[in-house]
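Report on one structure; see the data block that follows.
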Amino acid sequence: MYYTVRHLTKFLYSNEVSESIMETRMHPRSDANQRCLTFHLSVSPRCRVFSYRDHLNNHVHHFDIPGQHEQLVIVAESLVEMEQSISVPAFMSPDAWAEIDAIVQEGDYGEMLFPSEFTAPTEMLEELANKLDVRRRDDPLMVLHQLNDQIYHYFDYVPKSTKVDSPIDVALGNKMGVWQDFAHVMTALVRSRLQIPCRYVSGYLYHHSDNQDRSVSSATHAWIEVLLPQLGWVGFDPTNWLVAGDRHIRAAIGRDYSDVPPTHGIFRGSANSELTVAVRVSPSEGAPLLDQELPVPEDWSILVEKAQQLPAPPPAMSQKSLQQAQQQQ
């Protein structure tokens, strides 16, 4: 299966800023069951974009815009090939707990086991863990399937009910949130109560009318991956009560959201910023020819063009109107 991913980000500033420094994590990974065949990042105002890979092999692009500007527009386009996912069983043997402990002892999984900025245990998290009976019992996979189900039904999906930097207690207290909240809660429970290496995955989800997804199709997405014997890293999507499959496109992995935000940067100037994000994931017929550019639908081109337009200036006053205004002062 092939997908085209188009990710538009626009920062509109209330006043001109003199510099923007930004890094992005929008480049889909090439590992496991997916390959990123093409990737292109466009930035307006135009600038030189640099890239590197961090210690978790995530693609990071960064740039510096030193001139005066009133907005910053970033458009990321990629073509990804997804292989059919391996079926994840409903349960494992009970001695899988001992196998997990052996894997942890032999490997370096500390940062995916210890609390991080958004996955630190709290009193409210402990109360939820006791209520859901999250503990080492039965076998690891059976417990994880059940926890994925429990978080999906315990929380309501309400856009804008939390912010990207909201602690997990906000979602726990209101019993509502969005994808990063559910991923953070499940990550915290898996690490603290089950002692299994667990990582946060930032990426995209392809939505189809046949799927009953709660998450919105016009935004990025997040889920978790848990390390299991014989299966490796297995993805769970508590937002949509899914085992991550060939609709889940992985862009970056980390301890939590703070490691893998799609955009992270600062600007120099006295201004407020307004953020607009639009994401589109579409099925594709396959890899393009070497001399063929990634096709862009007409409506998406219009959307990008409008995003790059500066706000219209106020209408100019005629000479007569200007003299009348000066006389009234």
Would you point out which residue out of Glu117, Glu111 is surrounded by fewer than 17 Cβ atoms within 10 Å (Cβ to Cβ), in contact with a Lys or Arg (Cβ under 6 Å, 6 or more places away or on another chain) and under 30 Å from Pro167 (Cβ atoms)? Glu111
Total residues in the stretch 66-88, condition in contact (Cβ under 8 Å) with a residue 60 or more places away in the chain and open to solvent by less than 60 Å² (accessible area, probe 1.4 Å): 14
Output the strands (runs of 3 or more DSSP E) that fall wholly within the stretch 172-261 and possess 1 or more residues being under 28 Å from Ser93 (Cα atoms) and either charged (D, E, K, R) or free of Cβ contacts under 8 Å to residues at least 12 places away in the same chain (or both), or say none. 198-205, 221-228, 232-237
Assess whether Ser14 counts as being under 19 Å from Gly245 (Cα atoms), surrounded by fewer than 20 Cβ atoms within 10 Å (Cβ to Cβ) and hydroxyl-bearing (Ser, Thr, Tyr). no
Residues being in a helix (DSSP H, G or I) and touching a Gly at 6+ places or on another chain (Cβ under 9 Å) - total across the stretch 157-171: 3
Just one of Ser258, Ser270 is over 24 Å from Pro167 (Cα atoms), hydroxyl-bearing (Ser, Thr, Tyr) and open to solvent by 40 Å² or more (accessible area, probe 1.4 Å); which is it? Ser270
Just a yes or no: is a residue in the stretch 280-296 open to solvent by less than 70 Å² (accessible area, probe 1.4 Å), among the aliphatic types (A, V, I, L, M), at pLDDT 95 or above and within 29 Å of Val73 (Cβ to Cβ)? yes
Among the residues listed as Arg6, Arg29, the single one being of a type in the set (D, E, K, R) and part of a loop (DSSP other than H, G, I, E, B): Arg29
Hey, any hits in the stretch 202-209 for a residue that's open to solvent by less than 10 Å² (accessible area, probe 1.4 Å), farther than 18 Å from Ala278 by Cα and within 12 Å of the chain's Cα centre (by Cα)? no
Return the only residue of Leu56, Leu37, Leu79 being of a type in the set (A, V, I, L, M), farther than 29 Å from Asn272 by Cβ and in contact with an Asp or Glu (Cβ under 7 Å, 6 or more places away or on another chain). Leu37
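The values are calculated or read from the model by the stated rules, or taken from the named source; none is laboratory data. Owing to the predicted nature of the structure, the values given are computational and were not obtained by experimental measurement. Cβ: placed from backbone, ideal geometry, glycine included. Neighbour counts: every protein chain shown. Please note that ligands, DNA and RNA were not included when accessible areas were found on the heavy atoms of the full protein model with its side chains. Shrake-Rupley method; radii C 1.70, N 1.55, O 1.52, S 1.80 Å.
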